[in-house]
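The structure appears right after this line, and notes come after that.
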Amino acid sequence: MATAKTKTELKVVEPPTGALVPDFLADRAKADAGKGVSQSADDNLVPLAYILQAQSPQCQSRNPDYIPGAQAGHIWLRNSGLPTIDGEEGFLFQPCFFVKTWVEWIPRSMGGGYAGVHDERPFDAVETPDPQNPDKMQWILPNKHEVKEVRSHVGYAIIGDQAFPYVIPMSGSGHTASRAWMFLMGTKTIGGERAPSWAALYRVKTKFRTNASGEWFTWDVHDAGWVQTEAEYNRGAALNLSFATGEKSIAAEDEEQPAGDPDTAAM
């Protein structure tokens, strides 16, 4: 009589989160550091942090992109899987690199969507009044796409006891906050010399604004003192170098233009 075969199951045991690196691995890894990991900037994209506005999809309960608990004025760390952050409390941020770019958008009347990024404002862009608001100016390309200057602050978002590399893009009225932040960084000195940006921490919040064109939330940045350990300082210096050498780059914007403030194209 045939006997039933017992099915053998393979169980994979994963190491506990935060497990110590074995001694042999720590030694061997020094000789093989970085091997098998792409060094291309296209594979090392740092995600974006956004301010959510009332019309943002993440705040609309019936939208597929809805995030439970998200509200206008909250900060969304895209791709993090974390809950949105209350803008009144904000989070600590260690700025490490800064860059200005021009993001190209397809107008909604032509289907909408992200169309790319330029290092400089395209030479053939023409400043034109917004047909929806003549008091606001736009930079329009011959293909009818719009380009907007974005000031991007790259660094570490510090959430609890973890630090995540993120980019805070500032456009429109956010340019005012960006310039104020840069001025604040410039006042930080050590031994009479201007300190590198990553030597200090800042609390990044949001604040409510309103004018005749509408109401929205914008960035609000406050000094939060110096980094406290050499490891934190070295972490910031390493991220600065990785962007300066092109090892890392900024992730693309969402396919849909982020819901922003009424002054987005006016700055």
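Here are a few things to note about the model shown:
- Equivalent-ellipsoid semi-axes of the stretch 42-107, from the Cα gyration tensor, Å, largest first: 22, 17, 12
- Each residue, LYS100 and SER80, gets one label point 7 Å from its Cα in the Cβ direction; the gap between the two is 2.8 nm.
- Stokes-Einstein diffusion for the stretch 89-153, with the hydrodynamic radius set to the Kirkwood value over Cα pairs and evaluated at 20 °C in a medium of 1.002 mPa s, equals 160 µm²/s.
- Cα centroid separation - the stretch 74-91 against the stretch 127-195, whole Å: 18
- Inter-site label distance for ALA180 and HIS222 at 7 Å from Cα along Cβ, in nm: 1.2
- Fraction of the pair-distance distribution of the stretch 205-258 above 17 Å, Cα-Cα pairs, percent: 68
- Simple spin-label estimate for ARG108 and VAL126 gives 2.5 nm between the two label positions (7 Å along the Cα-to-Cβ direction from each Cα).
FYI, it's all coordinate maths here, none of it is from the lab. Keep in mind the model is a prediction, meaning the values are calculated, not measured. No Cβ is skipped: glycine too gets one built from the backbone with ideal geometry, and neighbour counts run over all protein chains shown.
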